[in-house]
Structure formats: structure tokens, C-alpha cells
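First comes the structure, then the notes that go with it.
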Amino acid sequence: SRPRPFVEGGTTMRTTRKFRTLSAGSAAVVVAGGGSYLLLPGSEPLTGDPRVKYGEDSCTHCTMVISDDRFAAAWREGTKRERYFDDVGCMVASFKAKPPAETPVFLVRAFAADAWLNPETAAYMVAPGLTRPMPYDIAAFASNAEATTNSHTRDGQPQTWEGLLASLKDRG
């Protein structure tokens, strides 16, 4: 037998079956919409080079606008969040002051090349004569040879990533 519609004031209301059908359809639209939200640009996992907008993004540690890419640094927390720094020293100081809950992936910008480097394999020179955004005096290079022959850092002191993490004082 067919359900009878409920009538109130001369207006026929939807039957329970039609109501359930419409409700299920609405739920499917909401779920599909929610699923496509996850696919929107910018929501995919972060991979590749950090997405620093030079001249726009601010340093997470000192809040200065990041304008000189030769000293930039970044860390990635998982696959959804990046933090940007105007100087390797700012990144190290920020990490030492308040490490993120999730172990970050660090990246440093090469001083003499248009490239991002793994900080653990990069070569560093601490050279007070550098024109830099912050007074950490640190420049990162792809190799020790590059670091010691660069005219800006030739008279600097070599340093390692572990050495920076252990010795750097916050100057920001």
C-alpha cells in the first residue's frame, strides 16, 4: 500500500519516502562537495621547493619581510605547513626557542646559486663581512669548495649544520 501524504491547511506535504530520498541526495551532494574541497589548489601535500614569496612573506622568527633569497631558509612541518625565514640563523634560533610538535624538514637557500639545499649536506661559512638581513653572518653553499672560494666568504669560518644547531645564539 502506498503511504498517504500528510495534508495541512490544504497543502500536501512530501511523503516520508520522498523526504528520505531527497535527504539522501542532499547528503551525497554535501559529501561530494567535501571531497572536492580536499582537491582544491593549495591543499595538496607540500613537495619540492618551498613556496616563499620574496618581498611579501615575513620571517617566522623576526617578522622581517624576506627579500634576499641568498639567505632564505624554510622548514616543513609534515606535508601541510611551511615556515619561512629571512636567514638561516633565524630558522635555527626559532627551532631552538620553540621546536614544532612534528619533526620538521629543514631547507636552506644556496648563497651562490638559485637552489634549495639540504642543510645537513650544505657547507656553511660564518663571515662577518656579508651584507645580510640579520647579524648571524651565515651563508650556505652546495660544497666546501664553493664556500671557501666565494669572494664574499673567503675569510669566513667554516661551519656545519650540527655546529650551527649547537652554537648559534639568538640575535634576532
| message | Could you list, ordered by first residue, the pairs with Cβ atoms under 7 Å in which the first is in the range 50-63 and within 13 Å of E82 (Cβ to Cβ) and the second is of a type in the set (K, R), at least 6 apart or interchain? | response | T60/R83
| said: So, R132, is that one modelled with pLDDT of 90 or more and closer than 19 Å to K53 by Cα or not? | reply: no
| So V52, is it more than 10 Å from the chain's Cα centre (by Cα), of a type in the set (V, I, T) and either under 21 Å from R132 (Cα atoms) or surrounded by 14 or more Cβ atoms within 10 Å (Cβ to Cβ) (or both) | no
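The values are calculated or read from the model by the stated rules, or taken from the named source; none is laboratory data. Just so it is clear, the model here is predicted, and its values are computed rather than measured. Every residue, glycine among them, receives a Cβ derived from its backbone with ideal geometry; neighbour counts consider all protein chains shown.
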